[in-house]
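What follows is a set of notes on a single structure, which appears directly below.
The values are calculated or read from the model by the stated rules, or taken from the named source; none is laboratory data. Because the structure is a prediction, the values reported are computed rather than measured. For neighbour counting, all protein chains shown are included, and Cβ atoms are generated from backbone atoms with ideal geometry for every residue, glycine included. These accessible areas exclude ligands, DNA and RNA; they are computed on the full protein's heavy atoms, side chains included. Shrake-Rupley method; radii C 1.70, N 1.55, O 1.52, S 1.80 Å.
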Amino acid sequence: MDATKKGQGEQGCLPLTSRLILYGLCGFFAEVMFTATWYFIDSAKYRHGWKLHGCTSVWSFPIYAVSSYVVERMYLSLKDRTNMVVRGVIYVIWTYAWEFSTGLILRQFNACPWDYTEYTRFHIMGLITFDYAPLWYFGSLLLETVIVQSALQLQYRTKSNREKLN
């Protein structure tokens with residue numbers, strides 16, 4: 001059941017800090033799983049083979065946390081006005097804008113952990129690659145339907161709250 005239909009959109013769900021931690025951990029995990037899969041598929045180049053070596057940067061935690069929170073807000077704003085296909089396109093546009101801007105900021109400190117210049121011709125300043133558009137599209141819809149909708153239903157319950165419900 002959709003948490004917002006029960007009146008829990010903002011009230012009754014996990015606090016913002018807890019949702020940001022959840023979103024950051026999910027993004028961090030997804031990035032490690034993606035790189036492990038990518039290195040396995042292209043093991044001739046990366047030579048990781050069956051190790052399923054996945055990696056990411058600590059920067060990905062806050063990047064994914066904030067980005068997922070923005071997707072949450074967009075979902076709550078758009079779910080009754082647009083269909084899932086259109087929301088997916090909007091999420092991809094947001095993802096590219098966020099990836100470009102965070103990468104540009106991190107690059108000023110020589111801290112940007114990604115650079116697509118050697119990966120493909122279809123990039124902008126090495127900060128975003130259009131090759132990933134289908135992955136971002138389906139990943140953002142997975143984020144909406146699994147992570148965000150679940151996070152909006154989760155809540156902390158104290159012993160006194162549990163006793164009131166029984």
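Some notes on this structure:
- The one condition in (1) crowded, with 18+ Cβ neighbours inside 10 Å; (2) of a type outside the set (G, A, S); (3) part of a helix (DSSP H, G or I) that Y116 fails to fulfil: (3)
- Residue within the stretch 129-140 that is buried (at least 18 other Cβ atoms within 10 Å of the Cβ), touching a residue at least 24 places away in the same chain (Cβ under 8 Å) and assigned to a loop (DSSP other than H, G, I, E, B) present: no
- Taking (1) without any contact (Cβ under 8 Å) to a residue 12 or more places away in the chain; (2) on the phi < 0 side of the Ramachandran plot; (3) open to solvent by 30 Å² or more (accessible area, probe 1.4 Å) in turn, I124 satisfies each apart from (1).
- Which numbered condition R73 misses (of (1) surrounded by 16 or more Cβ atoms within 10 Å (Cβ to Cβ); (2) among the basic types (K, R); (3) free of Cβ contacts under 8 Å to residues at least 24 places away in the same chain): (1)
- Any hit, the stretch 86-93, residues being over 23 Å from W38 (Cβ atoms), part of a helix (DSSP H, G or I) and touching a residue at least 40 places away in the same chain (Cβ under 8 Å): yes
- The single condition among (1) of a type in the set (A, V, I, L, M); (2) more than 14 Å from W59 (Cα to Cα); (3) not in a helix (DSSP H, G or I) that A111 does not meet is (2).
- Scope the stretch 1-38; condition assigned to a loop (DSSP other than H, G, I, E, B), modelled with pLDDT under 90 and either loosely packed, with under 12 Cβ neighbours inside 10 Å or among the charged types (D, E, K, R) (or both); matching residues: M1, D2, G7, E10, Q11
- Test for A65: is it free of Cβ contacts under 8 Å to residues at least 24 places away in the same chain, outside any loop (DSSP other than H, G, I, E, B) and either farther than 18 Å from W136 by Cβ or open to solvent by less than 50 Å² (accessible area, probe 1.4 Å) (or both): no
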